[in-house]
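Each remark here refers to the structure printed beneath this line.
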Ligand code: GDP
């Protein structure tokens, strides 16, 4: 089995304030817990795993949802997975950022507040996700709210999808009810809460693993550029073909098709909220590449001996008004 079988790339899309940050925080926190449970089992299981509220508060204080993060998760079926969580801006942007970010994902979590229901940004990002070919898993969030109306909200999401022209397969979406704040997800309202597992299991089951030829020519579309005073420009994106290697000499192809031959100085994947240096990144995974300049958004990093540009994402230029 290729390593991409154990990968999932999920975009998280939501109207502002519907609880994206809080939910991702919990996923990061609890996947740490699951990992420790595994270690505990290996160690003979003497230590029951109990996190008191002080631990929880400490964790909450330090975690922030940066643009990408990744969690390690061992599924109930015993499969060890890496799940990349991709933050998606909810607002109308300039220059196609939402489209580019969604390109890194194979599935999406659509978070909707259990009281408010779908809001304008829900519609906006959902429309973009559908256009990107993603089939969302619906997360009715803040289910702990006293004024939650989960069943109605599910119907409203259904109606919104119909309105956006979703196909029958997409309309047959799966639903999880969650409280990021209380740290649980359940399959049905009223179920006994027991952590985030039901949501993680849905991701494993319904988000397809990435496809692509690990032995093909290397290709990575640069989705985002980060900048560091120490290392300069950092190109972030998804390897869509082949394997990217540390110190590899690659062709950087700009949006006009102009190529420069450059060498990767350092390669990173995402681990939790951090980045961890990697010797290679296989197709399907997300990575950050240091040492390239010039490099820009929409560039392709490609095999030096078989450089093939990926299509850059062209979007209608938005009108330059703030309305
Ligand atoms: P984001 O803008 O989507 O990232 O939303 P945040 O995670 O920052 O949450 C927005 C607000 O909703 C904050 O005041 C949170 O405390 C609150 N909130 C987040 N998750 C929940 C939840 O599961 N239940 C309730 N009742 N409130 C929540």
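What's the exposure ranking of 79, 99, going from fewest to most Cβ atoms within 10 Å?
Details: 79 12, 99 18.
Neighbour counts put them in this order, fewest first: 79, 99.
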**OP:** Classify the range 97-235 as rounded, prolate or oblate from the Cα gyration tensor: take a ≥ b ≥ c as the square roots of its eigenvalues, call it rounded if a/c is under 1.5, otherwise prolate when a/b beats b/c and oblate if not.
**Re:** prolate
**OP:** State the antiparallel share, in %, of DSSP beta bridges confined to the range 86-219, rounding to the nearest 5.
**Re:** 25 percent
Original post:
What does the highest-first list of 151-159, 22-30 look like by mean Cβ count within 10 Å?
Top reply: 22-30, 151-159
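Where a number appears in this text, it was derived from the coordinates with a stated rule and is not lab data. What you see is a predicted model; the values in this text were computed from it and never measured. Methodologically, a virtual Cβ is constructed for each residue, glycine included, from the backbone with ideal geometry; neighbour enumeration extends over all protein chains shown.
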